[in-house]
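Undergrad: Quick one: this structure, given as structure tokens, is what I'll be asking you about.
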Amino acid sequence: MRGFWNKAWHLYYDGFRNMTIGRTLWAVILVKLFIMFFVLRLFFFPNYIKQHATEGNEAEFVATSIIPPQNK
């Protein structure tokens, strides 16, 4: 099995080392992922549960927010 991992490592290592335009494309992809997962999350997706629920009662807050109270 060691031969398989060694061959796979060299395949990817040589492939990335010999790239020319691919490096630029990978850089663009990584920048876009950084923007999507870190920058946009900070500005558009605040931690609503942490702001509105008391510590230790997060599950109860979510349950009461999702399931409306039943009038009997």
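Undergrad: Given the chain, what helices (runs of 4 or more DSSP H) lie entirely inside it while holding 2 or more residues that are among the aromatic types (Phe, Trp, Tyr)? It would help to see each step written out before you state the result.
TA: Values: elements: 2-17, 21-34, 40-44, 48-52, 58-66.
Result: 2-17, 21-34, 40-44.
Undergrad: Could you count how many residues in the range 49-72 are at pLDDT below 80 and either surrounded by 10 or more Cβ atoms within 10 Å (Cβ to Cβ) or touching a strand residue (DSSP E or B) at 6+ places or on another chain (Cβ under 9 Å) (or both)? Steps first, please.
TA: Keep residues of the range 49-72 that are at pLDDT below 80, which gives 68-72.
Among the residues that remain, those that are also either surrounded by 10 or more Cβ atoms within 10 Å (Cβ to Cβ) or touching a strand residue (DSSP E or B) at 6+ places or on another chain (Cβ under 9 Å) (or both) are: none.
Of the residues in the range 49-72, 0 are at pLDDT below 80 and either surrounded by 10 or more Cβ atoms within 10 Å (Cβ to Cβ) or touching a strand residue (DSSP E or B) at 6+ places or on another chain (Cβ under 9 Å) (or both).
The values are calculated or read from the model by the stated rules, or taken from the named source; none is laboratory data. As the structure is a computational prediction, the values presented were derived from the model and not from experiment. Every residue, glycine as well, gets a Cβ built from its backbone with ideal geometry; the counts of neighbours run over all protein chains shown.
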